[in-house]
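The values are calculated or read from the model by the stated rules, or taken from the named source; none is laboratory data. All figures in this text were calculated on a predicted structure; none of them were measured in a lab. Note that we place each Cβ from the backbone using ideal geometry, even for glycine, and neighbour counts take in every protein chain shown.
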């Protein structure tokens with residue numbers, strides 16, 4: 001590919017109608033406040049402080065939440081019951097939990113903390129598998 005080649009628009013698609021004019025005030029307001037189309041299924045209460053991150057497991061069977069209480073907890077999506085045996089309470093007592101993510105097979109999670117560490121946990125046993133150290137600052141995302 002020649003970096004100096006001219007780029008040609010070969011598409012024959014007309015512009016979408018919404019690009020041809022400014023939205024009306026009603027359309028603008030509706031886009032800012034769409035009608036609620038969902039109903040609450042349940043409330044999951046277990047954390048002592050605000051929740052900072054929520055994720056579904058790749059297989060869709062679990063929902064996990066991380067909180068400013070330095071814990072993350074796991075619920076079964078089929079029953080909305082907390083998996084007490086899988087909850088990793090106080091994953092790190094000294095600093096905040098920033099993020100976590102599931103392994104592709106939903107068997108483990110990796111967590112990120114303010115102290116510059118990442119840790120992996122087995123979800124079946126709740127035991128820590130590995131502590132990854134070396135960052136000079138907090139680890140923000142998993």
Margin query: Against the condition in a loop (DSSP other than H, G, I, E, B) and either touching a helix residue (DSSP H, G or I) at 6+ places or on another chain (Cβ under 9 Å) or modelled with pLDDT under 70 (or both), how does residue 13 come out, does it pass?
Written below: yes
Next item on the list: Can you tell me which residue within segment 116-131, out of those that are free of Cβ contacts under 8 Å to residues at least 12 places away in the same chain and farther than 18 Å from residue 99 by Cβ, is surrounded by the fewest Cβ atoms within 10 Å (Cβ to Cβ)?
Entry: 127
